Amino acid sequence: MHPKQRLENHYLEQRRVQFDFSQTPEHWIYNNPFATHLINAVHLILPVGELWMCRAFNEALPYVKDEKLRADVKGFVHQEAHHASAHKVAQDYLRHYGYKIDDFIAALDTISKQLNTAPLGLALPQNLAYRWLTVRVGIAAAVEHFTTMLGTWCLDDQPWQNKTADEMMSDLMTWHLAEEVEHRSVAFDLYMHLCGEDNKTFAYLQRQMIMMGVAPGFTLAIYQCFKKLAQQDTQAQRYSQYGLLRSLGQTAIENARSKQVPSFFSMIFSLRHWVKPSYHPYDEGDTLKALEVINNSAAVKALTRLRVC
């Protein structure tokens, strides 16, 4: 195990927070439709993606022999499942403003089902099924690398503070990204555990190949979701005409101007860590800062008061 892997006696907790977006404006990042729709793209992607990860991790549990890792995997699944639920509520916020998103979400769900236990509907023999499971968990680890980078950006830059954004939606995004930092090492630890101590070279080469698919796939998914939302908003339709490269460049411009979106190029630059044989996600974030932000979340405080009562 990595020497800095976990805080002593820290266990992942499912915080069943609730959010009410009935008073949230359409452009919840005030006067910034580009930033609003770029961040809103995650509402379309994450419920499908996070539930897909939960299924893979539940399948992996019988192979986990380390008790602390087993507890972490269960905690990860519980957190991700509630993230999916929270973002489904945010999907209703989009529907309230007339955004047609159901066909797009259904298409994402169809794709995710093709990447479950039986890829493309093919039943695999046991040895290949196990290898495919390591690939699925590796995909989750690659995605978690990016969500950790997003979480670290959010915790460091505090992009939606100082009354620049709706407090409820900002709280959802900040709480979620802080939990991504909190559980950032679980997918990677599970991947390495499944690959085995004697297969570190193979595990390294396989995760590099996985990232070669995940990095462009994650980027294209965000871009397509952003475009789908922007073309339905009269104040943002010009952004829907942007090609992929121009949209990516706009993230850098907007990051420099307002700090309200992450720069795509900083995300890609973060891959310099992933390619190192010594890479471990624990080195990429600050658990104590994440826990401080989580505990200061309005939704978490409300949950704490409810528990006390």
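No lab work stands behind these numbers, since they all come straight from the coordinates. Please read these numbers as outputs of a predicted model, since none were measured by experiment. Note: ideal-geometry Cβ built from the backbone for every residue, glycine included; neighbour counts use all protein chains shown.
Around the amide H of ALA165, modelled in the peptide plane, lie the amide H atoms of TYR30, all under 5 Å away and 5 or more residues distant in sequence or on another chain. Given R₀ = 30 Å, what would the calculated FRET efficiency be for LEU122 paired with GLN208, taking r from the Cβ atoms and rounding to 0.05? Result of the calculation: an efficiency of 0.75. Calculated FRET efficiency, LEU245 and THR201, Cβ-Cβ r, R0 35 Å, to nearest 0.05? It comes to 0.50.
Each residue of the stretch 176-182 was assigned a 3J(HN,Hα) from its phi angle through the Karplus curve 6.51 cos²θ - 1.76 cosθ + 1.60 (θ = phi - 60°); the sequence is 4, 5, 5, 5, 4, 5, 4 Hz, with glycine and proline shown as x. Between the labelled values (i) 19.1, 56; (ii) 18.5, 51; (iii) 19.9, 58, the entry that holds Rg and Dmax of the Cα atoms in Å as derived from this structure is (i). Positive-end ranking of HIS37, THR174, LEU288 along the dipole of the chain, with charges on Cβ about the Cα centre, is headed by HIS37.
With respect to the chain, whose longest principal axis is taken over its alpha-carbon atoms, helix 244-258 is tilted by about 70°.
The simple Förster model, with R0 at 25 Å and r as the Cβ-Cβ distance, assigns GLN14 and ASP66 a FRET efficiency of 0.75.
The residue among THR219, ALA71, ALA187 whose Cα reaches farthest toward the positive pole of the charge dipole of the chain, with charges on the beta-carbon of Lys, Arg, Asp and Glu, is THR219. The Kirkwood radius of the stretch 85-124, taken over pairs of alpha-carbon atoms, gives through the Stokes-Einstein law at 4 °C and 1.567 mPa s a diffusion coefficient of 110 µm² s⁻¹.
Scoring 260-270, 225-235, 28-38 by mean Cβ neighbours within 10 Å over their residues and listing the highest first yields 28-38, 225-235, 260-270. Enclosing the Cα atoms of the stretch 141-288 in their convex hull gives a volume equal to 122 cubic angstrom per residue.
For the stretch 280-295, 3J(HN,Hα) computed residue by residue from phi via the Karplus equation (6.51, -1.76, 1.60; θ = phi - 60°) reads 8, x, 4, 6, 9, x, 10, 5, 5, 5, 4, 5, 5, 5, 4, 5 Hz, glycine and proline entered as x.
Pairs of alpha carbons in the stretch 47-184 separated by more than 25 Å make up 37% of all such pairs.
Roughly how many debye, to the nearest 20, is the charge dipole of the chain about its Cα centre, given +1 on each Lys and Arg Cβ, -1 on each Asp and Glu Cβ, and no other charges? Computed charge dipole of the chain: roughly 380 debye. Principal-axis analysis of the Cα atoms of the chain puts helix 186-195 at an angle of about 30° to the longest axis. Would you kindly give the portion of the calculated P(r) for the stretch 38-122 that falls above 17 Å, as a percent of all Cα pairs? Here the long-distance tail beyond 17 Å is 55 percent of all Cα pairs in the stretch 38-122. The Cα atoms of the stretch 164-236 give a gyration tensor whose axes a ≥ b ≥ c have a/c of 1.5 or more with a/b no greater than b/c, which makes the shape oblate.
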